[in-house]
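**Q** Next up is a structure, given as structure tokens.
The values are calculated or read from the model by the stated rules, or taken from the named source; none is laboratory data. Since we're looking at a predicted model, the values are computed, not measured. Because the Cβ atoms are built from the backbone with ideal geometry, glycine has one as well, and the counts that use them run over all protein chains shown. Accessible surface areas use protein heavy atoms only, side chains included; no ligands, DNA or RNA. Shrake-Rupley method; radii C 1.70, N 1.55, O 1.52, S 1.80 Å.
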Amino acid sequence: MDTSTSYVGLRLPHPFIAGASPFGQRLDAVKRLEDAGWAAVVLHSLFEEQITADYDGRIRHMDPSDALFAEELAYFPHADDYPLGPDAYAEHISRLKQAVSIPVIGSLNGTSPESWLKFGRIIEQAGADALELNLYECVTNLATPGEAVEARLAGIVKEVKAILQIPIAVKMSPFFTAFGNMARRLDAAGADAIVLFNRFYQPDIDIKTLAPVVNLRLSDSSELRLRLQWLAVLYGRVRPSLAVSGGVATPDDGIKAILGGADAVQIVSALLRHGPTHVDAMRQGLERWMAWHHFDRLDEARGRASLERVADTETFERAQYIRTLQSWLAYAAPGGRSS
Ligand SMILES: Cc1cc2nc3c(=O)[nH]c(=O)nc-3n(C[C@H](O)[C@H](O)[C@H](O)COP(=O)(O)O)c2cc1C
């Protein structure tokens, strides 16, 4: 049975990749991922703010020694709170490349092309097999139109692509007015893969202290559906590889991602919960399911549940929406039906 797949031009024995997480921070942890059988590893991110602080002494154009910016800059971690500084990050990649043979994907995280261009090159020279650009941002400026955001993101990808030889994956947030068109713009800008999606780390509110509470929750399978929807819409309609990130907890989730159209399946929360050997369960579950369906190759399954063959996807989505609302009756309490 052939579970191999291609992702950002890399041939992988199966689709399960350790996504960006603290596992990437230590050489011994990455070695454990390789020994357990993960197909590739995405390292934790190096943040744009770290790079500019290190090289220009500024964070988002603000000088930390200027009292004027003290309040804004106090929100950011201190340089020592990051696991690796920019130069140490590049060195870490070189050491990893000597120690493991699975592909190592570096990760840069930010919202402007500054400093990434220079640092992207350093990551490439350090030997990374590919680079994941995490374009996480929450646009709260009410004067910024969506078009400006989209043009800037596509522009970043174009600029980074122009100077790097290694493949570029772009990890995106889901909340766009027309994500399909954004994906097409990333395609035109030269992205080699689109990673669906960043999780938005939305704050809760503590009703005792009246203050927002920011904490990290690991995901569960319920987060997968948003990703499945966009995999299914994009599969076969854009050139870049598609990876899922978010909500893949069980082998069934991994299989669903493939059926939606994923070339690669990134996993973090389940890896943190169950440890590196979780990849065994994922692989065995996939193989059992392929055998049951008599699929010899993963490619036969990929995209089977996508909308590739649906002529009018917008009408299809609208019809599904109306049908979904009608399905509430299954949950109605006895006597809860209005008719
Ligand atoms: C502890 C932790 C650290 C993470 N660090 C990064 C990071 O450095 N860069 C990044 O792009 N994503 C990071 N992520 C996000 C994950 O890569 C992933 O997109 C997200 O957790 C959703 O996948 P999951 O449902 O499998 O957890 C982190 C997630 C967790 C839980």
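**Q** Accessible area per residue, 1.4 Å probe, Å², for segment 183-326: what's the number?
**A** 55
**Q** Follow-up question, since we're still on this one. For residue 56 and residue 140, FRET efficiency with R0 = 22 Å and r from the beta-carbon atoms, rounded to 0.05?
**A** Taking R0 as 22 Å, the efficiency between residue 140 and residue 56 is 0.35.
**Q** Another question, then. Can you give me the accessible area per residue for segment 90-137, using a 1.4 Å probe, in Å²?
**A** With the other protein chains kept in place, segment 90-137 gives 34 Å² per residue.
**Q** While we're looking at this one, here's another question. For the chain, what relative contact order do you get, as a whole percent, if you take Cα pairs closer than 8 Å and at least 6 residues apart?
**A** 18
**Q** Grab the alpha carbons of segment 1-45, take their convex hull, and tell me the volume per residue in Å³.
**A** 67
**Q** Now a separate question. In deg cm²/dmol and to the nearest 500, what is the mean residue ellipticity at 222 nm of the chain if only DSSP H runs of at least 4 residues count, each as -39500 (n - 2.57), divided by the residue total?
**A** The per-residue figure over the chain is -12000 deg cm²/dmol.
**Q** Next up: Rank by packing, highest mean first: peptides 122-135, 289-302, 245-258, with packing defined as the count of other Cβ atoms within 10 Å averaged across residues.
**A** Taking the mean over residues of other Cβ atoms within 10 Å, the ranking is 245-258, 122-135, 289-302.
**Q** Could you work out how much longer the chain between residue 218 and residue 297 gets when fully extended? Use 0.36 nm per residue separation minus the Cα distance between them, nm to one decimal.
**A** That works out to 25.3 nm of additional length.
**Q** I've got another one for you. Would you tally the net charge around residue 250, using a Cβ to Cβ cut-off of less than 12 Å, leaving residue 250 out, and scoring K and R as +1, D and E as -1?
**A** Computed value for this residue: -1.
**Q** Here is a follow-up. Only helices at least 30 Å long along their axis, Cα-based, and averaging 0.0 or more on Kyte-Doolittle count here, so list those DSSP H runs from the chain.
**A** Taking the DSSP H segments of the chain (at least 30 Å long, mean hydropathy at least 0.0), we get none.
**Q** Between residue 329 and residue 284, how many nm apart are label points set 7 Å from Cα along the C-beta direction?
**A** In this crude spin-label approximation the distance works out to 4.3 nm.
**Q** Lysines near residue 118 by alpha-carbon distance under 24 Å, same-chain residues fewer than 8 away left out - which ones?
**A** Once the sequence-local lysines are set aside, what remains near residue 118 is 97, 158, 161, 171.
**Q** Extension gain residue 117-residue 148, at 0.36 nm per residue separation less the Cα-Cα distance, in nm?
**A** This chain segment gains 9.1 nm when fully extended.
**Q** Still on this structure, please answer the following. When N is the residue count of the chain, what does its C-alpha Rg come to as a fraction of 2.2 N^0.38 Å?
**A** Normalised Rg, Cα atoms only: 1.05.
**Q** Out of the total accessible area of segment 226-332 (probe 1.4 Å, heavy atoms of protein only), what percent is carbon and sulfur?
**A** 51
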